[in-house]
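The block underneath contains the structure these notes are about, expressed in structure tokens.
Every number in this text was worked out from the coordinates using simple rules, so none of it is lab data. It should be emphasised that the depicted structure is a prediction, and the values quoted were computed from it without experimental measurement. Because the Cβ atoms are built from the backbone with ideal geometry, glycine has one as well, and the counts that use them run over all protein chains shown.
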Amino acid sequence: MSFAQVYGAATLGINGCLITVEVDIANGLPGLDIVGLPDAAVKESKERVRAAIKNAGLEFPVRRVTVNLAPADMRKDGSGLDLPIALGILAASGQVDPGACRRGVYIGELSLEGRLRGIAGIMPMALDIAARGGEAVYVAPDNAQEALYAGGLTVYAPVSLAEIVAHLRGEERLAPAGRAERAAREEAPADDMAEVQGQLAAKRALEIAAAGGHNVLMVGPPGTGKSMLARRLPSILPPLTDGEALEVTKIYSIAGLLRPGMGLMAGRPFRSPHHTVSDAGMIGGGRVPRPGEATLSHHGVLFLDELPEFPRPVLEVLRQPMEDGEVTISRVNATLSYPAKFMMVAAMNPCPCGYFGDSSRQCSCTPGDIRRYLRKISGPLLDRIDINIAVPRLEYRELAGDAAAETSAAIKARVTAARAVQQGRLARYGLGANAQMGHRQVKATCVLDEGAQALLQQAFHRLNLSARGYDRVLKVARTVADLAGEERITATAVAEAIHLRNNIKESLLGV
Ligand SMILES: Nc1ncnc2c1ncn2[C@@H]1O[C@H](COP(=O)(O)OP(=O)(O)O)[C@@H](O)[C@H]1O
Ligand SMILES: [Mg+2]
Ligand SMILES: [Zn+2]
């Protein structure tokens with residue numbers, strides 16, 4: 001026997017895919033050739049596979065070994081193919097039975113001494129294998145729980161190549177891995193909106209944003225609660241649907257951020273990258289591609305605190321995902337896409353010193369300073385923000401007063417009900433929230449009563465709204481009506497949407 005076929009797996013975007021590893025051993029100058037991997041990865045994999053086989057007490061054939069990874073046109077990054085390559089070589093050289101090998105899928109990196117190491121992305125790979133009717137997967141012990149998510153698969157979690165070989169030879173059978181008791185999660189008491197004094201207008205705006213998934217900009221002097229409000233947003237967001245939870249969990253698996261035994265992700269993601277984040281950190285990429293912050297925020301919140309501190313190019317790369325709901329990463333011979341439907345929440349001071357428009361202190365900035373500061377974020381990004389919130393300094397009585405503020409649970413209940421209405425209405429378009437609607441859906445779902453029509457017509461001329469601006473006002477008005485339980489959009493809802501779009505842009509940003 002000098003030929004063998006063994007199955008492995010890789011990820012493409014956020015999905016898993018099966019890889020066929022074919023190994024041929026022929027007479028000729030001894031050597032190992034791997035076809036179908038990027039150069040750098042081949043080199044590293046060769047070294048590991050060769051050393052692992054020797055150190056497992058097995059024989060590396062002293063002949064010409066050719067490994068082909070199919071499909072050939074797919075770019076296979078990462079190190080999870082070490083194991084099927086090693087087994088393919090052992091099968092082709094008659095050290096294990098090729099027939100026994102073919103009943104499983106093998107995923108893992110090998111260390112030089114032949115131990116199996118976990119890799120990222122196991123969960124989507126296991127889902128793909130289960131969907132194809134696969135029966136058994138072999139993964140490193142720290143990947144076992146993720147492989148078990150898929151259900152219906154027998155998962156083996158050997159510690160080393162030697163253990164797998166003994167199992168396949170029938171010398172010492174491995175026991176299938178079982179589901180671990182879910183580690184009781186230490187729930188830190190979640191931050192609650194009730195802790196934020198006053199700021200009722202800001203809270204109302206955040207409730208609307210949360211209900212419809214709209215992008216938000218908060219502007220106000222330092223210390224007025226902008227960061228505090230943003231960090232409490234997850235506590236009022238609607239729960240993930242089952243489909244959304246699955247997508248988010250796949251992303252976190254690929255990013256290597258799933259904790260063992262964590263189960264499906266339950267809460268919506270909240271990401272708050274520092275302004276020193278790189279382009280690749282923001283939208284993804286790298287030698288072994290990883291999802292960036294935009295994708296890690298999928299179905300959740302991307303919070304950009306102190307927005308003008310972010311370098312403009314980093315903000316520019318967010319335009320594509322904000323428009324398309326996904327990021328496309330160009331690679332040497334392939335492009336890759338990751339989903340990135342997030343709600344952007346940004347916070348900023350009104351000017352470099354922070355006190356422009358504040359009642360308590362004089363702003364020390366020149367008009368030039370302020371223009372330069374705002375220019376960093378102006379234009380396309382602002383145009384994609386539907387809800388602008390002024391977060392002013394509180395009056396003393398608001399801060400000192402002990403008027404009980406509403407809890408996050410109460411707000412979340414209204415948000416969840418409004419989101420459910422949207423999901424029912426938008427399911428046939430494959431959408432889940434008002435903010436995701438395109439022009440066609442806006443036309444179909446935003447039915448205005450007479451008063452609303454008249455108001456919108458006036459506003460269209462007075463505010464010089466673009467077609468895009470017009471749709472965006474309607475989407476927010478749709479959400480306001482959904483929170484009120486109204487099927488038709490009223491003038492009140494349109495008025496609130498227009499106010500949310502323009503209050504800051506007119507007074508502070510002058511756009
Ligand atoms: N509205 C508020 N209610 C209660 N505490 C507040 C409020 N605004 C600010 N604070 C207090 O001030 C601190 C700074 O607020 P922060 O949210 O960081 O302000 P900003 O981001 O607007 O600069 C908070 O940690 C909190 O202790
Ligand atoms: Mg802050
Ligand atoms: Zn200033």
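Would you please classify the overall shape of the range 381-492 from the alpha carbon gyration tensor, given that a ≥ b ≥ c denote the square roots of the eigenvalues, rounded means a/c under 1.5, and beyond that prolate means a/b larger than b/c while oblate covers the rest? Here the range 381-492 falls in the oblate category.
From helices alone, the chain scores -11000 deg cm²/dmol at 222 nm; the rule is -39500 (n - 2.57) for each run of n ≥ 4 DSSP H residues, then divide by the residue total.
Checking every one of the GluC sites (Glu not before Pro) in the range 30-120 against DSSP loop status and a limit of 16 other Cβ atoms within 10 Å picks out E59, E113.
Summary value for the range 3-168: 26 percent relative contact order, contacts being C-alpha pairs under 8 angstrom separated by 6+ residues. By the rule of a C-alpha distance below 24 Å, with chain neighbours fewer than 8 residues away ignored, the lysines paired with K46 are K54, K76. The shape of the chain can be summarised by an equivalent ellipsoid whose semi-axes, obtained from the alpha carbon gyration tensor, come to 53, 23, 21 Å from longest to shortest. For the range 416-498, the relative contact order works out to 37 percent when only alpha carbon pairs closer than 8 Å and six or more residues apart are counted. Here the gap between A280 and Q458, fully extended at 0.36 nm per residue and compared with their Cα-Cα distance, gives a gain of 59.7 nm. The distance separating the Cα centre of the range 1-24 from that of the range 223-296 comes to 30 Å.
Ranking G57, I236, L456 by how far each Cα lies toward the positive end of the dipole of the chain (charges on Cβ) leaves L456 at the top.
The tail of the calculated P(r) for the range 140-240, taken as Cα-Cα distances beyond 18 Å, holds 66 percent of the pairs. Within a straight-line Cα-Cα reach of under 19 Å, K376 can be paired with the following lysines, leaving aside sequence neighbours fewer than 8 residues apart in one chain: K505.
Computed from label points 7 Å out along Cα-Cβ, the spacing between R361 and R384 is 3.3 nm.
Summing Cβ point charges (Lys, Arg +1; Asp, Glu -1) relative to the Cα centre of the range 193-414 gives a dipole of roughly 300 debye.
The overall shape of the range 193-414 is oblate: from the C-alpha gyration tensor, with semi-axes ordered a ≥ b ≥ c, the ratio a/c is 1.5 or greater and a/b is no larger than b/c.
With the highest mean first, a sort of the peptides 348-354, 325-331 on other beta-carbon atoms found within 10 angstrom per residue produces 348-354, 325-331. Looking at the range 193-414 only, what percent of DSSP beta bridges run antiparallel? Nearest 5 please. Once the DSSP bridges in the range 193-414 are tallied, antiparallel ones form about 35 percent. How high is the FRET efficiency between E395 and A136 when r is their beta carbon distance and R₀ equals 41 Å, given to the nearest 0.05? Efficiency, rounded to the nearest 0.05: 0.05. Computed about the Cα centre, the dipole magnitude for the range 3-168 is approximately 200 debye when only Lys and Arg (+1) and Asp and Glu (-1) carry charge, each at its Cβ.
Projecting the Cα atoms of G256, G286, L302 onto the dipole axis of the range 193-414, where Lys and Arg carry +1 and Asp and Glu carry -1 at the beta carbon, places G286 farthest toward the positive end.
Scaled against the 2.2 N^0.38 Å expected of a compact globular protein of N residues, the Cα radius of gyration of the range 56-161 reads 1.06.
Cross-link pairs exceeding 21 Å in C-alpha to C-alpha distance, out of K250/K475; K226/K341; K226/K412; K250/K412; K203/K412, comprise K250/K475; K226/K341; K250/K412.
The separation of the range 72-124 from the range 430-464, counted between C-alpha centres, amounts to 54 Å.
Using the Cβ-Cβ distance between E172 and E450 with R0 set to 45 Å, the FRET efficiency works out to roughly 0.05. Projecting the Cα atoms of V139, I25, I377 onto the dipole axis of the chain, where Lys and Arg carry +1 and Asp and Glu carry -1 at the beta carbon, places I377 farthest toward the positive end.
For V62 and E306, the FRET efficiency from 1/(1 + (r/R0)^6), where r spans their Cβ atoms and R0 equals 45 Å, is about 0.15. Contact order normalised by length for the chain, with contacts defined as Cα pairs under 8 Å and 6 or more residues apart; what percent is it? Answer for the chain is 13 percent.
Taking the DSSP beta bridges with both ends in the chain, the antiparallel portion is around 50 percent.
Under a model in which nothing but the beta-carbon of Lys, Arg (+1) and Asp, Glu (-1) is charged, the chain shows a dipole of about 800 debye around its Cα centre.
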